[in-house]
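Working notes, beginning with the structure itself.
The values are calculated or read from the model by the stated rules, or taken from the named source; none is laboratory data. Note that the structure is predicted; figures quoted are calculated from it, not measured. Here the Cβ positions follow ideal geometry from the backbone for every residue, glycine too, while neighbour counts run over all protein chains shown. These accessible areas exclude ligands, DNA and RNA; they are computed on the full protein's heavy atoms, side chains included. Shrake-Rupley method; radii C 1.70, N 1.55, O 1.52, S 1.80 Å.
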Amino acid sequence: MEYPKMLNEFAKYLRSKNKSEITIKNYLSTINDFLTFINKDNQEISKKFIKSIKKQDIQRYDEHMYYKNLSPSTRVTKLNALNTFFNWFISEKGVMVNPLLNFTMPKIPKRQRYNLELDEAKKLLQIIKESNKRHKVRDYAIFSLFLTTGLRLSELVSLDIGDIKNGKVRVIGKGDKDRDVNIPNNTIGAINEYLQIRPNYPTNALFLSDEGKRISTRTIQETLRDYVIECGLDPNIYTPHKLRHTAATLMYKYGNVDIATLQELLGHSNINTTKIYVHSDDTMKKKAVESNPIASII
């Protein structure tokens, strides 16, 4: 898609801030959609045009998104993209009042679900596997490990190659407490595939950055954000910590795992912390009742 010259300049700014190409694409698409919506007379997208944009234009666009049945979180994401654009314009192109200043954002309802559903988790891994990204093999191993073991982000970035042995990972958790967590064969396979192409830098760190150093938590957060956006999900909700929620919920829901075992797997010192991660749905409740031996008596 061809964008106005001003949007191409904005894209250069985003790249200078190390935004991913997926994020840049989504920003440009949103801003172009907004400008097309308010530009009824097909005017040139110039400084003068941008400076003429008012709060009422933002309000009309938000109403337009509402009537298109976009969720509040999606609307907020798009409005935040516009806010970034206007702030850039003000700093680079001239003085104006940001039309989003004091704008009342859509209210995002409290979510009861803090984890990916099974099909969403599968889709995330599939998108990573089919990605054209340079580090897709590494990324697949990282997020497969998240989703199958429920490691903390800090635990995952701290892993050394020697921590993976005999189908288990040795983890140093909070309070320097160590625990062994089993790894399923498909994740072991993903890690081994990554190790075959892992650069031979003088470090024992399992997952490496472009510079050959231990990968940072920030890099993992930003990498996941790109993939989550590509999945069509809200990156403000589905963070690495939510992948931990997902792993715990999937093990509890599909693995017939009792909460005490789950507590040990996640490295929680207090079982009440573990309870936050597990959410019963109607199917689980029905299954629980029907599993009672008395239920089979006619």
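Worth pointing out:
- Accessible carbon and sulfur surface of the chain relative to its total accessible area, %, 1.4 Å: 49
- Peptide packing for 55-68, 242-255 was compared via the average number of neighbouring C-beta atoms within 10 Å per residue; ordered from the highest value, the list is 242-255, 55-68.
- Highest mean packing first, where packing is the average number of other Cβ atoms within 10 Å per residue, the peptides 213-226, 134-147 line up as 134-147, 213-226.
- Spin-label model, TYR13 to LYS68: label points 7 Å out along the Cα-to-beta-carbon direction sit 2.2 nm apart.
- Stokes-Einstein diffusion of the range 84-195 at 37 °C, 0.692 mPa s viscosity, Kirkwood radius from Cα pairs, rounded to a whole number: 186 µm²/s.
- Using a simple spin-label model with pseudo-atoms 7 Å out from Cα toward Cβ, GLU120 and ILE161 lie 3.7 nm apart.
- Cα gyration tensor shape of the chain, rounded if a/c is under 1.5, else prolate or oblate by comparing a/b with b/c: oblate
- Farthest toward positive dipole pole in the chain [+1 Lys/Arg, -1 Asp/Glu at C-beta], among LEU101, LEU28, ILE188: LEU101
- Residue-span extension gain [LYS275 to ARG218] - 0.36 nm each, minus C-alpha spacing: 17.8 nm
- Reach of LYS47 by Cα under 19 Å, taken over lysines that are not fewer than 8 positions away in the same chain: LYS5, LYS12, LYS55, LYS93
- Residues of the range 129-171 with amide N under 18 Å of the 7 Å Cα→Cβ point at GLU264: 149-151, 167-171
- Each peptide among 117-124, 23-30 gets the average number of other Cβ atoms lying within 10 Å of its residues, and from highest to lowest they stand as 23-30, 117-124.
- Label-point separation in nm, ARG170 to LYS136, each point 7 Å along Cα→Cβ: 3.5
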